[in-house]
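Peer 1: Got a structure here, written out as structure tokens. Questions coming.
Readers should treat all values here as calculations from the given coordinates under stated rules, not as data from a laboratory. It should be emphasised that the depicted structure is a prediction, and the values quoted were computed from it without experimental measurement. Here the Cβ positions follow ideal geometry from the backbone for every residue, glycine too, while neighbour counts run over all protein chains shown.
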């Protein structure tokens, strides 16, 4: 496997791969080349339907197809899948709990140059509010493939969040195991826990190394399934480390930071500090300076971890 | 149409109107006007046109029906009860916490409901999805949907119309209930979506215009719809909102309000007089 692959590429490849085994159809809204559903379209042209630039219609069409027993993948950019078509996702797919898998790509600020209108940093918050919606935010190409398979095998609506930018492959090893709804502890740690999702998982691992050099033992947990959340792994970490930091390429409102705060507050209150996009819109630019600008960095995770430790001691 | 058949359909439509009034009266809320306007169309669909089985509501080869104007659920529920999908007694529990009859159609809770609807514009798209699925699965079931004239102000209606024509969904029949009124007033004054016929033709539909209360015209329209190949069909049904209850007919105020006890008695008497 290549060193760096965008999760959207892994998504398109997985659709084409699993299309041989599972009988699903794929819809897109004029973004197949970008969402990578075109990879599936090329292999299964008769099971692919372009809906044109009409995302709301696409979601309700997907729901209608699903009522007949077919599994459907419906893709667009996260901004339009979760944002523009929120109400169709809620009422046509979520309320009847239909077997529609929403493949949302170009999530977060790593969309880059297209800027704020296309940088969806609220999709996790929106999708979390829909009862029965499963939400998966994979960290790399290996996890993205596993997430697609889990979505196919899961009965009910699933929101899959993929990125535009090529990201390091971190799980390309034999003992990688994906279980829907289960977090994964990636490092041992006793002083503080860093809970990360998506592209922030790799940064969390880097942050743990930096902290280790300063004598701080950080536990890193990867949360790929945002909903249903793995409460057990979070409560155990809160009890055993007593301080938490969350890291996500999403608004700090309503996403991973919120869900971890909710679980920890209700079960084992300890300090939880959040790394994510503060209450702001995105901006055009190259990805590295954007990540700096919004504090989605190893150094910010390290600094928040130290703050959490201080709060714990106080 | 033979007189015997016409009498039978008129009786069923009257029963459905009774069910609408009973349900909305008992609930003290709901949408009688647009339910009454589709009584004949929904009667014909469930008792002549569609291939459905009340004993097997999820039968996979059944024809599908989507009430895109989902607020007129009382008409659909009355038709389903009349057809035998559930007991007629349930209609009086409309919108109550101990009933499965939600304010708007719920496909998981209500036997015979093929799609959850209520948010306007979404049902037509779902019907398109069902029709497309039939093509993909090489099944010959047909899909019917009723869309409100006010509802056609929703942009999604036209997104769906584009989709239906683009994918040549000739197994899809969209009935536009042109009763002319919406909550805030006459549709033509609020935001005029006419001409429906020319617009739908331009979108690629085969369009049939009828009187939506005339069973002969309804029958001919559905026959014609089945003969059309390569394009979807729209039936534009001119109707009277509140049809069958004199004081509700063509009155904006009866879009979404329930009759009081006195009005209920008058409405029931008027409907029963036609039976």
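Peer 1: Which percentage, to the nearest 5, of the DSSP beta bridges contained in segment A:184-313 is antiparallel?
Peer 2: DSSP beta bridges in segment A:184-313 are roughly 20 percent antiparallel.
Peer 1: For residue A:240, project a label point 7 Å along Cα to C-beta. Then give me every residue of segment A:154-194 with its amide nitrogen under 20 Å of that point.
Peer 2: A:175-194
Peer 1: Pulled fully out, how much extra length does the chain show between residue B:209 and residue B:226, if you take 0.36 nm times their separation in residues and subtract their Cα-Cα distance?
Peer 2: Between residue B:209 and residue B:226, full extension yields 4.6 nm more.
Peer 1: Could you please state, rounded to a whole Å, how far the C-alpha centre of segment B:1-65 is from the C-alpha centre of segment B:87-126?
Peer 2: Here the answer is 14 Å between Cα centres.
Peer 1: While we're here: Springs between alpha-carbon pairs under 10 angstrom, Gaussian network model over chain B: which of B:69, B:199, B:243 fluctuates most?
Peer 2: In the Gaussian network model the winner is B:199.
Peer 1: Using only Cα atoms, locate the centre of segment A:81-137 and the centre of segment A:260-286, then give the distance between them in Å, rounded to an integer.
Peer 2: So the two Cα centres are separated by 18 Å.
Peer 1: Quickly work out the residue A:265-to-residue B:5 label distance, labels modelled 7 Å from Cα along the C-beta direction, and quote it in nm with one decimal.
Peer 2: 6.5 nm
Peer 1: Considering only B:125, B:116, B:227, give the residue with the highest GNM mean-square fluctuation for chain B, with springs between Cα atoms whenever their separation is below 10 Å.
Peer 2: B:227
Peer 1: Once the mean 1/r over all distinct Cα pairs of segment A:184-313 is inverted, what Kirkwood radius in angstroms do you read off?
Peer 2: Radius from the Kirkwood sum: 14.3 Å.
Peer 1: Summarise the long-distance tail of P(r) for segment B:92-219 by giving the % of C-alpha pairs beyond 24 Å.
Peer 2: Distances greater than 24 Å cover 36 percent of the Cα pairs.
Peer 1: Dividing the Cα convex hull volume of chain A by residue count, how many Å³ per residue is that?
Peer 2: 120 Å³
Peer 1: FRET efficiency for residue A:303 and residue A:149, Cβ-Cβ distance as r, R0 = 35 Å, nearest 0.05?
Peer 2: 0.40
Peer 1: What percent antiparallel are the DSSP beta bridges of chain A, to the nearest 5?
Peer 2: Percent antiparallel among DSSP bridges in chain A is about 20.
Peer 1: What number, in nm² with one decimal, is the all-direction average of the projected area of the convex hull of the alpha-carbon atoms of the protein assembly as shown?
Peer 2: If I average the Cα hull's projected area over directions, I get 28.6 nm².
Peer 1: Right, here's the next one. Restricting to bridges with both residues inside the protein assembly as shown, how much of the DSSP beta-bridge set is antiparallel, in percent to the nearest 5?
Peer 2: 15 percent
Peer 1: Could I ask something else about it? Using only Cα atoms, locate the centre of segment A:178-199 and the centre of segment B:201-226, then give the distance between them in Å, rounded to an integer.
Peer 2: Cα centres, segment A:178-199 to segment B:201-226: 60 Å.
Peer 1: OK, next. Quick one: among A:21, A:102, A:136, which has the greatest mean-square fluctuation in a GNM of chain A with alpha-carbon springs under 10 angstrom?
Peer 2: Per the Cα network of chain A with a 10 Å cutoff, A:21 tops the list.
Peer 1: A follow-up question, please. Pairs of alpha-carbon atoms within less than 8 angstrom and 6+ residues apart define the contacts here; what relative contact order does chain A have, in percent?
Peer 2: Computed over chain A, the figure is 17 percent.
Peer 1: On average, how many beta carbons from a partner chain sit within 10 Å of the beta carbon of a residue in B:116-122?
Peer 2: Taking all residues of B:116-122 together, the mean is 6.
Peer 1: Something else: As an exercise, use a Förster radius of 35 Å and the Cβ-Cβ distance of residue B:260 and residue B:88 to find the FRET efficiency, rounded to the nearest 0.05.
Peer 2: About 0.95, to the nearest 0.05.
Peer 1: Here is a further query. Which shape class, rounded, prolate or oblate, goes with segment B:179-275 when its Cα gyration tensor gives a ≥ b ≥ c as root eigenvalues, a/c under 1.5 marks rounded, and past that a/b bigger than b/c marks prolate?
Peer 2: Oblate, since a/c reaches 1.5 and b/c is not below a/b.
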